[in-house]
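Report on one structure; see the data block that follows.
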Amino acid sequence: MNETIQTQLNHRSIRAFKDQALTPEQLNTLYDVARHTSTSMFLQQMTILHLTDPVKRAAVREIGGQPYIGANGDLLIFVADLHRNQLIRHRAGNDDGRLHTLDVFLQAYEDATLAVQNVLTATESMGLGGVILGSINDDPKALIKALNLPPMTFPVLGLQIGVPDQSPQLKPRLPKEWMAFENDYPTDLDWDVMASYDQVVNTYYDLRNANQRIDTFTDQINGAKIATQPLLRDEIIEVLHAQGLALDLELQ
């Protein structure tokens, strides 16, 4: 056990922040952490937008449907960015090469995702808090328009960070027996272990002050979260194609 691991094991999403922006020094430290994150093939296909414009922050909040988005604290949007490398190739007189393929887009997507996690860990190590925002892509077409993003880019995740104004409980995670295996994926899982975990999750929601929902993990998996229903998020392939990305991925 060391300080870094302790910070990681103590992770909890913070959704209430004090009315206090990060200092330039703090932001630059986090930018440097993002810059030094592992990158596929050293293509460095990730960009960060720090949104301070209240109009843009409000637009992202409306898209995500969560009141804390763009409220107190700082809002970062991590972008899969192939536009920069496209410009580099054009300046040298080259065509786009493989930039329009799903493979290269996924490399950019992975670059952005890894940077988000690294920045969040660094944020928490500084005594700050944060929450990863997958909800920014509840309407990817509207988000790209609101952020005025150029072709060959796609917003992957948001990250709201700042000085915590709450101290939520740790959310219980799936037991290791269901997540870590030696060599082979098991053909059967121990449902008694899951039943015990469901009880732990149920107790967590029962006792949590911020939200008096009574729920279990399996209830959520069998509920509305991934039930069959049309969502704007399902237009992601069309949006990617409109951005010039993953063109070799066929529309169904």
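We did not get these values from a lab; they are worked out from the coordinates using the rules stated. Given the structure is predicted, the values throughout are model-derived calculations rather than measurements. No Cβ is skipped: glycine too gets one built from the backbone with ideal geometry, and neighbour counts run over all protein chains shown.
Amide H neighbours of residue 46 under 5 Å, at least 5 residues apart or on other chains, H built in the peptide plane: list them.
81
Could you tell me which residue out of 137, 48, 221 lies farthest along the dipole of the chain toward its positive end? Charges go on the beta carbon: Lys and Arg +1, Asp and Glu -1, centred on the Cα centre.
Comparing the listed Cα positions along the dipole, 48 ranks first.
³J(HN,Hα) across the range 156-162 via Karplus (A = 6.51, B = -1.76, C = 1.60, θ = phi - 60°), whole Hz, x for Gly/Pro?
Ordered by residue, 3J(HN,Hα) equals 8, 8, x, 9, 9, 9, x Hz.
Can you list residues whose amide H is under 5 Å from residue 70's amide H, if they're 5+ apart or on another chain and H is modeled 1.01 Å from N?
none
Given the C-alpha centroids of the range 129-151 and the range 67-83, what is the distance between them in whole angstrom?
Here the answer is 7 Å between Cα centres.
Would you grab the residues whose amide H sits under 5 Å from the one on residue 11? Only those 5+ places off in sequence or on another chain, please, with H modelled 1.01 Å from N.
Excluding prolines and chain starts, which carry no amide H, there are no hits.
With the crude spin-label approximation of a point 7 Å out along Cα→Cβ, what separation in nm comes out for residue 181 versus residue 233?
2.5 nm
Filter the chymotrypsin sites (Phe, Trp or Tyr not before Pro) in the range 113-191 to those in DSSP coil with at most 15 other Cβ atoms within 10 Å of their Cβ, and list the result. Let's see the in-between values first.
Working: sites: 178, 181, 191; in loops: 181.
Sparse-neighbourhood loop chymotrypsin sites (Phe, Trp or Tyr not before Pro): 181.
Would you please state which residues of the range 158-188 a label at residue 219 would reach in this model, taking the label point 7 Å out along Cα→Cβ and a backbone N cut-off of under 18 Å?
171-174
Apply the Karplus parameterisation 6.51 cos²θ - 1.76 cosθ + 1.60, with θ equal to phi minus 60°, to every residue of the range 40-51 and state each ³J(HN,Hα) to the nearest whole Hz, in sequence, with x for glycine and proline.
5, 6, 6, 7, 6, 9, 9, 9, 10, 9, 9, 8
So between residue 226 and residue 206, what do we pick up on full extension, going 0.36 nm a residue minus the alpha carbon distance? List each step's numbers first, then the result.
Details: separation 20, 0.36 × 20 = 7.20 nm, distance 2.29 nm.
Stretched fully, the residue 226-residue 206 segment lengthens by 4.9 nm.
Taking the Cα centre of the chain as origin and charging only Cβ (+1 Lys, Arg; -1 Asp, Glu), how large is the dipole, in debye to the nearest 20? Walk me through the numbers before you get to the answer.
Numbers: 20 positive and 32 negative charges, 188 e Å.
That gives the chain a dipole magnitude of about 900 debye.
Rounded, prolate or oblate, given the Cα gyration tensor of the range 1-84, with a/c below 1.5 counting as rounded? Numbers along the way, then the final one.
Details: a/c = 1.81, a/b = 1.12, b/c = 1.62.
Oblate is the answer for the range 1-84, as a/c is 1.5 or above yet b/c matches or exceeds a/b.
Kindly put 205, 185 in sequence by how many other C-beta atoms sit within 10 Å of each C-beta, fewest to most. Mind dumping the intermediate values first?
Working: 205 17, 185 6.
The fewest-first ordering by Cβ neighbours comes to 185, 205.
Using the Karplus curve 6.51 cos²θ - 1.76 cosθ + 1.60 with θ = phi - 60°, work out ³J(HN,Hα) for each residue of the range 220-225 in order, rounded to whole Hz, and write x for Gly and Pro.
Whole-Hz 3J(HN,Hα) from phi for the range 220-225: 5, 5, 8, x, 6, 3.
Using label points projected 7 Å from each Cα along Cα→Cβ, tell me how many nm separate residue 72 and residue 41, to one decimal.
If labels sit at residue 72 and residue 41, their model points lie 4.5 nm apart.
From the list [x] 61, 48, 39; [y] 54, 33, 32; [z] 63, 39, 36, can you say which value of Cα extents along the principal axes in Å was derived from the structure given?
Identified label for the calculated read-out: [x].
What distance in nm separates the two pseudo spin-label positions at residue 142 and residue 8, each 7 Å out from Cα along the beta-carbon direction?
3.7 nm
Can you pull out the GluC sites (Glu not before Pro) in the range 179-247 that DSSP calls coil and that have at most 10 other Cβ atoms within 10 Å?
Values: sites: 182, 235, 238; in loops: 182.
Counting only loop positions with at most 10 other Cβ atoms within 10 Å, the GluC sites (Glu not before Pro) in the range 179-247 are 182.
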